[in-house]
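Step one of this worksheet: look at the structure below.
The values are calculated or read from the model by the stated rules, or taken from the named source; none is laboratory data. In this text the structure is predicted, and so the values were computed from the model without any measurement. Because the Cβ atoms are built from the backbone with ideal geometry, glycine has one as well, and the counts that use them run over all protein chains shown. Note: areas computed on protein heavy atoms with side chains; ligands, DNA, RNA excluded. Shrake-Rupley method; radii C 1.70, N 1.55, O 1.52, S 1.80 Å.
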Amino acid sequence: MALLGAGAQGEVLLNAMLRIPGLRFRAVCDIWKEYNQKRAVNTLRKYKFEVNGYEDYREMLDKEKQLDAVVIASPDFWHAPQTVDCLRAGKHVYCEKEMSNTLEGARSMVLAARETGKLLQIGHQRRSHPRYQHCREKLLEEAKLLGRIVTVNGQWNRAVAPDLGWPERYPIPDDRLKRYGFKSMQQFRNWRWYKGLGGGPIVDLGSHQIDIFNWFLGANPTHVMASGGNDYHDRATHEWYDTVMAIYEYDTPAGPARAYYQTQTTNGSQGYFENFMGDQGTLVISESEANNPGLLYRDPNAPPWDEWIRKGYVAAPKLQERKSGEEEAVLDVRESVSPDQHKVPVVLRDPYHQPHLQNFFDAVRGSAKLNCPAEVGYETAVTVLKVNEAIEARQRLSFRPEEFRI
Ligand SMILES: NC(=O)c1ccc[n+]([C@@H]2O[C@H](COP(=O)([O-])OP(=O)(O)OC[C@H]3O[C@@H](n4cnc5c(N)ncnc54)[C@H](O)[C@@H]3O)[C@@H](O)[C@H]2O)c1
């Protein structure tokens, strides 16, 4: 195995992989030799792996012929060329989201996986999260607890944060930065905000959750409209929109549905979650074990959920306060009471990315099917990248069904 891109996410993936038995690491590739590459190599040597460090992934592919798989966590604009070259060199690839910052890039990855017959998993890790799987398979499909989902909303709100810096003792020399497509250390560290390198918060954060909209609704959208802008940050260092509000329209197997998604980077109000609203109930879910980890609300018109509580699909309800907390407040008699709250009784006790990586390695060994193969990652890329287009066009854009297929 090799790790290609050993930054913040490379480290998270590495720590998760070190918990999975039966993996042997041979190489780490990262252009920041002095810092990130060194850290990952040192970690792996502590675990007694004989690993070599590389700056250039092509050199790694030339020299490390025995590699079976490469895990890629480089900036988005490197995903396509690196994935395609790794697949053509006969390696299976786990590549982080966003699959690519361009559709042509994402397309080339799907085609390379098909041509080579090698596996390509895209890092939408919620697809392997046991809580998401439980909700999709048991609660939505089998028990149909929400009834018909007509509306969805989701968000990822983040408080203002300073730009990422770097230890002054370890800058990358300018010629090396340029060789790999970066203009400066500032841009290298904050690549997400730059056009041509990343896709801004809607692509970075939104792709995780909009992927779930499609998955849970069982459909790709037909239209999108969006508003976004750089309302707060300095445009010189934040080329992409810091605030985005998007509305998708779906024609699902059960009927029409609309989904709203918001991401902003100026206030962290209520963090991140997805909220699915059906005519019989509501599901609020997130990847986090701390915030919005999975709550269901039964609407008064829905049949009782006793059977599903007995089967352990949902927890027994916590009864909601029927009165206003303010004793002296007078409630209008027509006010609807809050529905009872049920927990989704599934907790992930491993690091968030471990199940998705495990699924990849199981697939490499032939004992599982990928939970997010290239084709699925591509559908999500088509869905998400069009938001930036819609903002620019200031128009409601449509998706043709064939846009999602290769
Ligand atoms: N699935 C998730 O929850 C999740 C979370 C965070 C990031 N990510 C994804 O992981 C990827 C990396 O994000 P990050 O936050 O770690 O960024 P980062 O900037 O912290 O790390 C990127 C690393 O890649 C290295 N690099 C850059 N160009 C390279 C090249 N051509 N060859 C080899 N190495 C190169 C950099 O030196 C750096 O160490 C992105 O695609 C991001 O979208 C996914």
#### Entry: Mean-position separation - Cα centroids, the stretch 256-322 and the stretch 89-125, in angstrom
33 Å
#### Entry: Under 15 Å, Cβ to Cβ, from TYR180 - net charge with Lys/Arg +1 and Asp/Glu -1
-2
#### Entry: Net +/- balance of residues flanking ASP234 in space, Cβ distance below 11 Å, scoring K and R +1, D and E -1
-2
### Message
I need the calculated FRET efficiency for the pair LYS48 and ALA393, taking r as the beta carbon distance and R₀ as 56 Å, to the nearest 0.05.
### Response
0.55
### Task
Run the dipole for the chain about the Cα centre, Lys and Arg Cβ at +1, Asp and Glu Cβ at -1, nothing else charged, and hand back the magnitude in debye, nearest 20.
1300 debye
### Task
When you have a sec, figure out the Kirkwood radius of the chain from all distinct Cα pair distances and drop it here in Å to one decimal?
22.7 Å
#### Entry: From phi via Karplus (6.51, -1.76, 1.60), per-residue ³J(HN,Hα) for the stretch 16-26 in Hz, x at Gly/Pro
5, 5, 5, 8, 9, x, x, 9, 10, 8, 10
### Summary
Amide H proximity to CYS29 below 5 Å, modelled H, separation 5+ or other chain, gives LEU3, LEU4, GLY5, TYR54
### Task
List the relative contact order of the chain as a percent without decimals, with contacts defined as Cα pairs under 8 Å and 6+ residues apart.
19 percent
### Query
How big is the accessible area of ARG189 in square angstrom, nearest 10, if you roll a 1.4 angstrom probe over the protein chains?
60 Å²
### Query
Which value, in nm² and rounded to one decimal, describes the direction-averaged projected area of the C-alpha convex hull of the stretch 175-278?
7.9 nm²
## Note on the structure
Note: ASP231 to ASP299 extended length (0.36 nm per residue) minus current alpha-carbon separation gives 20.7 nm
### Query
Over the chain, what is the percentage of antiparallel beta bridges among all DSSP beta bridges, to the nearest 5?
60 percent
#### Entry: Debye intensity ratio in log₁₀ form over the Cα atoms of the stretch 92-193, taken at each q of 0.16, 0.23 Å⁻¹
-1.06, -1.17
## Note on the structure
Summing -39500 (n - 2.57) over every DSSP H run of at least 4 residues in the chain and dividing by its residue count gives a helix-only mean residue ellipticity at 222 nm, to the nearest 500 deg cm²/dmol, of -8500 deg cm²/dmol
### Query
Among LYS97/LYS178; LYS138/LYS369; LYS144/LYS195; LYS38/LYS183, which pairs are too far apart, with a Cα-Cα distance over 31 Å?
LYS144/LYS195
### Query
Which of the aspartates and glutamates could be linked to LYS386 by a straight reach, that is with a Cα gap under 15 Å, when you skip same-chain ones fewer than 8 residues away?
GLU98, GLU104, ASP204, ASP211, GLU249, GLU402, GLU403
#### Entry: Proximal charge balance of ARG127 [Cβ under 14 Å; K/R count +1, D/E count -1]
-3
### Query
At a Förster radius of 22 Å, what calculated FRET efficiency corresponds to the Cβ-Cβ distance of ASP163 and ASN292, to the nearest 0.05?
0.20
### Message
Placing +1 on the Cβ of each Lys and Arg and -1 on the Cβ of each Asp and Glu in the chain, which of ASN388, ASN42, GLY147 has its Cα farthest towards the positive end of the resulting dipole?
### Response
ASN42
#### Entry: Calculated FRET efficiency for the pair ASP362/ARG148, C-beta based, R₀ 30 Å, to 0.05
0.30
### Message
For ASP306, ASP211, give me the order by solvent-accessible area with a 1.4 Å probe, most accessible first, ignoring ligands, DNA and RNA.
### Response
ASP306, ASP211
### Summary
If one builds a Gaussian network model of the chain from Cα atoms under 10 Å apart, the most fluctuating residue listed among GLY228, GLY218, GLY123 is GLY218
### Query
Which residue, ARG107, ARG394, ARG26, tops the fluctuation ranking in a GNM of the chain built on C-alpha contacts under 10 Å?
ARG394
### Using θ = phi - 60° and Karplus 6.51 cos²θ - 1.76 cosθ + 1.60, couplings along the stretch 193-208 (whole Hz; Gly, Pro as x)
7, 9, 5, x, 10, x, x, x, x, 4, 7, 5, 9, x, 4, 4
### Task
Find which of ILE122, ALA159, GLY90 sits farthest along the positive direction of the dipole of the chain, computed with +1 on the beta-carbon of Lys and Arg, -1 on that of Asp and Glu, about the Cα centre.
GLY90
### Candidates MET99, MET185, MET277: whichever shows maximal mean-square fluctuation once the chain is modelled as a Gaussian network with Cα springs under 10 Å
MET185
### Distance in nm between pseudo-label sites at LYS318 and GLU55 (7 Å out along the Cβ direction from Cα)
5.4 nm
### Summary
Given unit charges at Cβ for Lys, Arg (+) and Asp, Glu (-), the dipole magnitude of the stretch 152-282 about its Cα centre in debye, nearest 20, is 540 debye
